[in-house]
Amino acid sequence: MAQHIPHWIDGARREGTSGRTGEVTDSATGEVVGEVALASTEEVDAAVAAATAAFPRWRDTSLAKRTAVLFRFRELLNDRKPELAAIITAEHGKVLDDALGEVSRGQEVVEYACGVPSLVRGGFTENASTNVDVFSIRQPLGPVAVISPFNFPAMVPMWFFPIAIATGNTVVLKPSEQDPSAAIWMAELWKEAGLPDGVFNVAQGDKVAVDRLLEHPDVKAVSFVGSTAIARYVYETGTRHGKRVQALGGAKNHMVVLPDADLDLAADQAVNSGFGSAGERCMAISAVLAVGGVGDDLVARIAERTRTLRTGDGRKGCDMGPLISRKHRDRVESYVEAGEQEGAKVVVDGRQVQPDGAEDGFWLGPTLVDHVEPHMSVYTDEIFGPVLSVLRVDTYDDAVGLINRNEYGNGTAIFTNDGGAARRFQHEVEVGMIGINVPIPVPMAYYSFGGWKNSLFGDSHAHGAEGVHFFTRGKVITSRWLDPSHGGLNLGFPQNV
Ligand code: NAD
């Protein structure tokens, strides 16, 4: 029987009252396993009201006490992450190992946030002017919203909320309506860790909830991750309503393979990064650029490896799971068909897959498409599925030109044994996250995650120092306690002496 997936407001589960619900499916069976509440504007207002009421006390809670809660949350998460991974697999479909990996990378941000006392430390200048001291502090913003996509229901929210909470803000999370249960599990974990009610809230929902968060006068900032069209909309709407917004969008990530590269390494990593999580990662490699004649050899090695992959139910130890929905699966398949019609060659055909899983799962096997040209939709569009395209280019410059002309700039990788070429690449390529012989260069929690061009709207990347900066605002205080002889009346602009 489909279970009801509620909101989480002011420290408790809240059943939906809007009368609107969304179906949540198990992607590996096609069965409806949940019915998620879709918030009305009033329900979003209730979540924001809880966050607003909790803010003054949480802001004034000492760093020592806030940090103690964060450490407890980290310990509980670390002990119980297999539970969260199982929830992710049951709704999203990614294989269990991959779901565990997602939780672990999210946990790294919690660990980073445990160091909040040193992250928000201000500066102090004694005697900036005679007997005048100047110092700076950073303060939280207030209630902030996190709006997340389906593909990382635990990790992407954790890019933001540990830092938002650690720095003294309160949070309303609006998860993807396609896999909403992870958010409730995390909310319960926060409660167990001792976080006061109202500091972390979950408003389940769709566009109605997003629009209300973007307009609500008490929401001070929005961290969004999703597709480019919605990211642009969220950025424009949120900033128009006076909010600080970071909106991370879609991607088309290229892997450049130079002729001197270790082709076995490149082939392994093309397969891992192209087909891991069924290609539903914003850092997945979707276009391999084979430079200067390595194409045939490289494609043969990638094809050989791709054919060994087992697609099936994520709970059965397979390599790759299903796609998130039937609609998305069909859309991904349509790109393979379009590529074929435009003259590309399907070398490994995922449409023929024999999955180890239920008949009604949303299956599409790993698909390798060769001789792709830059004008084909299989190249131009973000597919977000297990489809790896290979394009042949003559030179390194052709490869970089193609990447730099692409509308997206999330991640990219180069495979080479030439340090000079790698150094040129990291300098010249217009992309936010670069891998050198590393295919999915997702930065550590203490660096910041973010793309360029249509992969990110706003100026702050996620987590690391930029995350701390995003969730705080600066104050500079100029003070004088000694020397009461301040010179009497003087209407001139204050000068430092
Ligand atoms: P999506 O844009 O459909 O949804 C993202 C969020 O926006 C969800 O919470 C959804 O409920 C909400 N939403 C959807 N339509 C809306 C609308 N019309 N108005 C207001 N809100 C709306 O994205 P998705 O399919 O859940 O996730 C996949 C996308 O996310 C891909 O494009 C992927 O590249 C991107 N992504 C990017 C990153 C990154 O770091 N840049 C990370 C993960 C995923």
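The values are calculated or read from the model by the stated rules, or taken from the named source; none is laboratory data. Being a predicted model, the structure only gives us computed values, none of them experimental. Note that we place each Cβ from the backbone using ideal geometry, even for glycine, and neighbour counts take in every protein chain shown. Please note that ligands, DNA and RNA were not included when accessible areas were found on the heavy atoms of the full protein model with its side chains. Shrake-Rupley method; radii C 1.70, N 1.55, O 1.52, S 1.80 Å.
Positive end of the charge dipole of segment 27-179 (Lys, Arg +1 and Asp, Glu -1 on Cβ, about the Cα centre): tell me which of PHE160, ALA113, LEU100 has its Cα farthest that way. Going by the charge dipole, the pick is ALA113. Taking Cα centre as origin and charging only the Cβ of basic (Lys, Arg, +1) and acidic (Asp, Glu, -1) residues, the dipole magnitude of segment 331-476 rounds to 800 debye. Think of each Lys and Arg Cβ as +1 and each Asp and Glu Cβ as -1; about the Cα centre, that makes the dipole of the chain roughly 1820 debye.
The share of alpha-carbon pairs in the chain lying farther apart than 33 Å comes to 42%.
Just the protein heavy atoms count here, and of the accessible area of segment 87-203 at 1.4 Å, carbon and sulfur take up 51 percent.
Relative to the Cα centre, what is the charge dipole magnitude of segment 216-343, using +1 at the beta carbon of each Lys and Arg, -1 at the beta carbon of each Asp and Glu, and rounding to the nearest 20 debye?
Values: 17 positive and 17 negative charges, 200 e Å.
Magnitude of the dipole: close to 960 debye.
Computed over the alpha-carbon pairs of segment 7-154, the distance histogram in 10 Å steps reads 9, 25, 32, 21, 8, 4, 1, 0 percent, short to long. Let me confirm the definition first: pairs of Lys residues in the chain, 8 or more apart or on different chains, C-alpha distance under 23 Å. How many are there? Counting lysine pairs in the chain gives 25. Taking amide H as placed 1.01 Å from N in the peptide plane, VAL202 has its amide H under 5 Å from the amide H of TRP8, ILE9, LEU173, each at least 5 places away in sequence or on another chain.
Within segment 222-376, the ratio Rg/Rh, alpha carbon atoms throughout and Rh by Kirkwood, equals 1.03. Note on ILE163: accessible area is roughly 0 Å² with a 1.4 Å probe, heavy atoms of protein only.
For segment 117-149, the residues whose backbone nitrogen is under 13 Å from a point 7 Å from the Cα of ASN490, taken along Cα to Cβ, are 129-132. Amide H to amide H, with H built 1.01 Å from N, PHE449 comes under 5 Å of ALA462, HIS463, counting only residues 5 or more places away or on other chains. Measuring between their Cα centroids, segment 7-44 and segment 451-468 lie 29 Å from each other. Please report the spacing between the Cα centers of segment 229-261 and segment 277-327 in Å, no decimals. The distance from the Cα centre of segment 229-261 to that of segment 277-327 comes to 23 Å. Rounded, prolate or oblate: pick one for segment 182-221, where a ≥ b ≥ c are the square roots of the eigenvalues of its C-alpha gyration tensor, a/c under 1.5 means rounded, and failing that, prolate if a/b is larger than b/c, else oblate. Oblate, because a/c is 1.5 or more while a/b does not exceed b/c.
Here is the tail figure for segment 225-275: Cα pairs spaced more than 18 Å apart come to 54 percent of all pairs.
Run the helix sum for the chain: -39,500 (n - 2.57) per DSSP H stretch of 4+ residues, divided by residue count, reported at 222 nm to the nearest 500 deg cm²/dmol. Each step should come with its number before you reach the end.
Details: 15 runs with 189 residues, N = 497.
Helices in the chain give a 222 nm mean residue ellipticity of -12000 deg cm²/dmol.
Think of segment 253-436 as having a plus end and a minus end, set by charges on the Cβ of Lys, Arg, Asp and Glu; of GLY312, THR395, PHE425, GLY312 sits farthest toward the positive end of this dipole. Backbone phi angles across segment 353-363, fed through the Karplus curve with coefficients 6.51, -1.76 and 1.60 (θ = phi - 60°), yield HN-Hα couplings of 4, 10, x, 8, x, 5, 4, 8, x, 8, 8 Hz in residue order; Gly and Pro are listed as x. Tell me whether segment 11-70 comes out rounded, prolate or oblate; compute the Cα gyration tensor, take square roots of the eigenvalues as a ≥ b ≥ c, and use a/c under 1.5 as the rounded threshold. Oblate is the answer for segment 11-70, as a/c is 1.5 or above yet b/c matches or exceeds a/b. Taking amide H atoms as placed 1.01 Å from N in the peptide plane, the amide H of VAL245 lies under 5 Å from those of VAL222, each 5 or more residues away in sequence or on another chain. Phi angles of segment 32-47 translate, via the Karplus equation with coefficients 6.51, -1.76, 1.60 and θ = phi - 60°, into HN-Hα couplings of 7, 10, x, 10, 9, 5, 10, 5, 8, 4, 5, 5, 5, 4, 5, 5 Hz per residue; Gly and Pro are given as x. In whole percent, what relative contact order does segment 253-436 give with Cα contacts below 8 Å and a gap of six or more residues? Taking the mean separation of contacting Cα pairs over the length of segment 253-436, I get 28 percent. Among the protein heavy atoms, those of THR395 account for about 60 Å² of accessible surface (1.4 Å probe, every chain in place).
Counting only C-alpha contacts under 8 Å and six or more residues apart, can you give the relative contact order of the chain as a whole percent? Walk me through the numbers before you get to the answer.
Numbers: 1187 pairs, mean separation 89.1, N = 497.
Averaging sequence separation for qualifying contacts and normalising by length gives 18 percent for the chain.
Per residue, segment 253-436 exposes 38 Å² of solvent-accessible protein surface, assessed with a 1.4 angstrom probe and all protein chains in place. Taking a ≥ b ≥ c as the square roots of the eigenvalues of the Cα gyration tensor, segment 354-427 is prolate, since a/c reaches 1.5 or more and a/b is larger than b/c. Couplings for segment 21-31, taken from phi via the Karplus curve 6.51 cos²θ - 1.76 cosθ + 1.60 with θ = phi - 60°, read 9, x, 7, 10, 10, 8, 5, 7, 10, x, 7 Hz in order; Gly and Pro are left as x. The length gained by stretching the chain between ALA64 and GLU428 to full extension, at 0.36 nm per residue less their Cα-Cα distance, is 126.7 nm.
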